[in-house]
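To start, the structure under review is shown below, and the notes come after it.
The values are calculated or read from the model by the stated rules, or taken from the named source; none is laboratory data. The structure presented is a predicted model; accordingly, all values stated were derived computationally and were not measured. Note that each Cβ is placed from the backbone with ideal geometry, even for glycine, and that neighbours are counted across all protein chains shown.
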Amino acid sequence: MNIGNSLDELRRQIDTLDSELVKLIAKRATCVKAAAAFKKDSAAVRAPDRVQQVVDKVRLQASEQGLPPEIAESVWRAMIGAFIDYELQQHQQLTVGKSG
């Protein structure tokens with residue numbers, strides 16, 4: 001990656017990266033919403049073992065990319081927490097829809 005020569009240039013690069021991240025997170029949200037249909041209860045949505053598996057994988061990938069693993073873990077735990085809340089809402093809507 002070409003690092004900019006000015007603060008404005010760096011900010012433009014960060015803005016571009018942020019846009020790319022939003023697109024990827026939106027794709028992740030689509031997968032999360034679909035996954036809710038496969039889970040039988042809220043415990044399956046929370047899935048702490050799966051959360052830890054994802055965090056461990058991301059920490060390793062971060063380290064390989066020169067990113068402090070603590071930063072990756074913090075970002076992913078926040079994102080996963082938000083997606084668990086989202087998926088619980090989706091799961092509840094599916095459950096209500098089936099019983100209604």
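Only residues that are under 14 Å from the mean Cα position of the chain (by Cα) and surrounded by 12 or more Cβ atoms within 10 Å (Cβ to Cβ): list them for segment 58-73, please. So that I can check it myself, show each step before the final result.
So the first thing to find is which residues in segment 58-73 are under 14 Å from the mean Cα position of the chain (by Cα), and the list is 58-59, 71-73.
Listed by number, the residues that qualify are Val58, Arg59, Ala72, Glu73.
The numbered conditions (1) part of a helix (DSSP H, G or I); (2) at pLDDT 95 or above are all true for Glu87 except (2).
Restricted to segment 35-57, and to residues there that are part of a loop (DSSP other than H, G, I, E, B) and of a type in the set (D, E, K, R), the residue that is farthest from Met79 (Cα to Cα) is Lys40. Just one of (1) touching a His at 6+ places or on another chain (Cβ under 6 Å); (2) exposed (fewer than 10 other Cβ atoms within 10 Å of the Cβ); (3) not β-branched (Val, Ile, Thr) fails for Ala36. It is (2).
Here are Arg46, Arg50, Arg11: which of them is among the basic types (Lys, Arg) and touching a residue at least 24 places away in the same chain (Cβ under 8 Å)?
On the way: Arg50 fails: touching a residue at least 24 places away in the same chain (Cβ under 8 Å); Arg11 fails: touching a residue at least 24 places away in the same chain (Cβ under 8 Å).
On inspection, the qualifying residue turns out to be Arg46.
Quick grid of which residues meet (1) part of a helix (DSSP H, G or I); (2) at pLDDT 95 or above; (3) of a type in the set (Gly, Ala, Ser):
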{"position": "Asp15", "(1), (2), (3)": "yes, yes, no"}
{"position": "Asp18", "(1), (2), (3)": "yes, yes, no"}
{"position": "Ile25", "(1), (2), (3)": "yes, yes, no"}
{"position": "Thr30", "(1), (2), (3)": "yes, yes, no"}
{"position": "Lys33", "(1), (2), (3)": "yes, no, no"}
{"position": "Ser63", "(1), (2), (3)": "yes, yes, yes"}
{"position": "Ala72", "(1), (2), (3)": "yes, yes, yes"}
{"position": "Trp76", "(1), (2), (3)": "yes, yes, no"}
{"position": "His91", "(1), (2), (3)": "yes, no, no"}
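Of the residues making up segment 39-87, just one is in contact with a Phe, Trp or Tyr (Cβ under 8 Å, 6 or more places away or on another chain) and closer than 17 Å to Ala29 by Cβ, namely Val54. Cβ separations smaller than 9 Å between residues 6+ apart or across chains give no pair from segment 15-29 residues that are surrounded by 10 or more Cβ atoms within 10 Å (Cβ to Cβ) and among the charged types (D, E, K, R) to residues that are at pLDDT 95 or above and not in a helix (DSSP H, G or I).
Residues in segment 3-13 that are of a type in the set (A, V, I, L, M, F, W, C) and not in a helix (DSSP H, G or I): Ile3 only.
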